[in-house]
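Engineer: So that we are looking at the same thing, I have put the structure below in structure tokens.
The values are calculated or read from the model by the stated rules, or taken from the named source; none is laboratory data. Since this is a predicted model, take the numbers as computed values, not measurements. Backbone-built Cβ (ideal geometry, glycine too); neighbour counts: all protein chains shown.
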Amino acid sequence: MGGSSADSAPPIGRVQMGEGGCFLEIAGVEASPAPQAGRASEAGRMNVGVAHSEVNPNTRVMNSRGIWLAYIILVGLLHVVLLSIPFFSIPVVWTLTNVIHNLAMYIFLHTVKGTPFETPDQGKARLLTYWEQMDYGLQFTSSRKFLSISPIVLYLLASFYTTHDAVHFLINTASLLSVLLPKLPQFHGVRLFGINKY
Amino acid sequence: VHLDLEDRLAKFMKTEEAIIYSYGFATIASAIPAYSKRGDIVFVDRAACFAIQKGLQASRSDIKLFNHNDMADLERLLKEQEIEDQKNPRKARVTRRFIVVEGLYMNTGTICPLPELVKLKYKYKARIFLEESLSFGVLGEHGRGVTEHFGINIDDIDLISANMENSLASIGGFCCGRSFVIDHQRLSGQGYCFSASLPPLLAAAAIEALNIMEENPGIFAVLKEKCKRIHKVLQGISGLKVVGESLSPAFHLQLEESTGSREKDVKLLQEIVNQCMDRGIALTQARYLEKEEKCLPPPSIRVVVTVEQTEEELERAASTIKEVAQAVLL
């Protein structure tokens, strides 16, 4: 099940396109905007600043238009900032990028719970972390795959650039495990030792 | 004119802010879910009206019912909750506790014991939501409701919600309280955001009713006298008992001994109502959605007294009811 099939907008977009096609003979002018509107609504679902019927907008942020690119650019920016500090060597910079990225990911995706805004669902997501809220708990959607693969890619790059040094290897592996384990579907809603439960 | 009405209501009730709803039922049914969510605990009276029940159902919180006006039962429930809280303090820190009561109960005509409730509120750290549909414009020296009646500081009550459909003779409802509390409802009160506002004529009518209430504060004493009088007069009917306090303008006449089945009771009472109607007195039975109510009250005739009725009319009504009841029930 891909991420796009989890969204409700594509069927609506397709209906609009179907109607545009049916009335092609009758209203030739209206037909052309309708298919374009359908295609546009399939892209970024995050309708910022408009009225939408999404109960919990948190679930759709990572499917928005351009957010994956923004994420990659942000990690790149972090790396460049670390590179510009003169007394860090290349292996240290890569390890630091990896560790800081994984730490930030752990805090924002697996520690912070609930929503920063009022939702109309009477607090269903109040005790859920952001990762558990993504796509309303549907597993293996494309954004989830993207966010699982990005620490792995960083890990591979870091282990290459640190020339597989033992200390760096240990730090990087521990950091990677700490951020990959909570993403497993078996850990959905699991709170070890009651930490972060309420 | 709606903003004017909100201002006037806030000034009248001596609170910081008020918010107007366009439908009286939706007032309390949207106010409760705006504050109480999943995982919160609400202690509510068994005789709460249907609007409160629907609000609680929409809020998805844990509901704990206590016996009608029984403060000992409420204290028992609060103590049990306190024990649970001590077992799990981290969960207790995130759960909110509310007590929802009515000032003058629609289903039984009794007044809630507000001083004890405020004491319990401060002892067990719960928030009080007071529903004053019947007591607004009835109780208290100036008609400010049950808080004035008992002389309690209005800041002790977290939210007062009332229907404008009873004493203000308009439609809609309002909530009043501190700005901090009421402002939240402007965005998360579903009945406020997702519906149109009150017709301006009715808002102006409510303002006029407030004017009348402010200009003649003597009418509340008159109303009290009339309620007491009619209460006394209707006491002597054999077969019907009067349920409600003597200063409540809305009280119930229930059958002293039920015939065993609810339909027969309802039919008997309907017979009384029809005969009274034939003689020119309009009464009505208290209607309930029988399958939907949590604690269904026994069938009864609800009698409502207003301040405009003269003494002769009240006497005539009381004697008619007596005759009809004696004819039907014997």
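Engineer: Tally time: how many residues in the range B:68-97 are polar (S, T, N, Q), more than 14 Å from every other protein chain (Cβ to nearest Cβ) and exposed (fewer than 15 other Cβ atoms within 10 Å of the Cβ)?
Structural biologist: The total comes to 1.
Engineer: Given the conditions (1) at pLDDT below 95; (2) touching a Phe, Trp or Tyr at 6+ places or on another chain (Cβ under 6 Å), which single one is not true for A:PRO120?
Structural biologist: Looking at each condition in turn, A:PRO120 falls short on (2).
Engineer: Suppose we keep only residues that are of a type in the set (A, V, I, L, M, F, W, C) and surrounded by fewer than 17 Cβ atoms within 10 Å (Cβ to Cβ) within the range A:93-115. Which one would you say is nearest to the other protein chains (Cβ to nearest Cβ)?
Structural biologist: So the residue we want is A:VAL112.
Engineer: Which condition breaks for B:SER170 when tested against (1) more than 17 Å from B:PHE25 (Cα to Cα); (2) in a loop (DSSP other than H, G, I, E, B)?
Structural biologist: Exception for B:SER170: condition (1).
Engineer: Has the range A:116-137 got at least one residue that is within 14 Å of another protein chain (Cβ to nearest Cβ) and in contact with a Leu (Cβ under 9 Å, 6 or more places away or on another chain)?
Structural biologist: The answer is yes, given that some residue of the range A:116-137 is within 14 Å of another protein chain (Cβ to nearest Cβ) and in contact with a Leu (Cβ under 9 Å, 6 or more places away or on another chain).
Engineer: Quick one: what pairs do we get from the range B:269-292, first residue within 16 Å of B:ALA327 (Cα to Cα), second assigned to a loop (DSSP other than H, G, I, E, B) and aliphatic (A, V, I, L, M), C-beta under 7 Å, 6+ apart or different chains?
Structural biologist: B:VAL273/B:LEU283; B:CYS276/B:LEU283
Engineer: Further question: Please verify whether B:LEU198 is touching a Gly at 6+ places or on another chain (Cβ under 9 Å), more than 14 Å from chain A (Cβ to nearest Cβ) and outside any helix (DSSP H, G or I), treating the condition exactly as stated.
Structural biologist: yes
Engineer: A:SER89 is checked against (1) free of Cβ contacts under 8 Å to residues at least 60 places away in the same chain; (2) closer than 30 Å to B:GLY39 by Cβ and fails just one. What number does that condition carry?
Structural biologist: Checking A:SER89 against (1) free of Cβ contacts under 8 Å to residues at least 60 places away in the same chain; (2) closer than 30 Å to B:GLY39 by Cβ, the one that fails is (2).
Engineer: Please go through the range B:72-96 and pick out each residue that is in contact with a Phe, Trp or Tyr (Cβ under 7 Å, 6 or more places away or on another chain) and in contact (Cβ under 8 Å) with a residue 24 or more places away in the chain.
Structural biologist: B:LEU74, B:LEU77, B:LEU78, B:GLU82, B:VAL94
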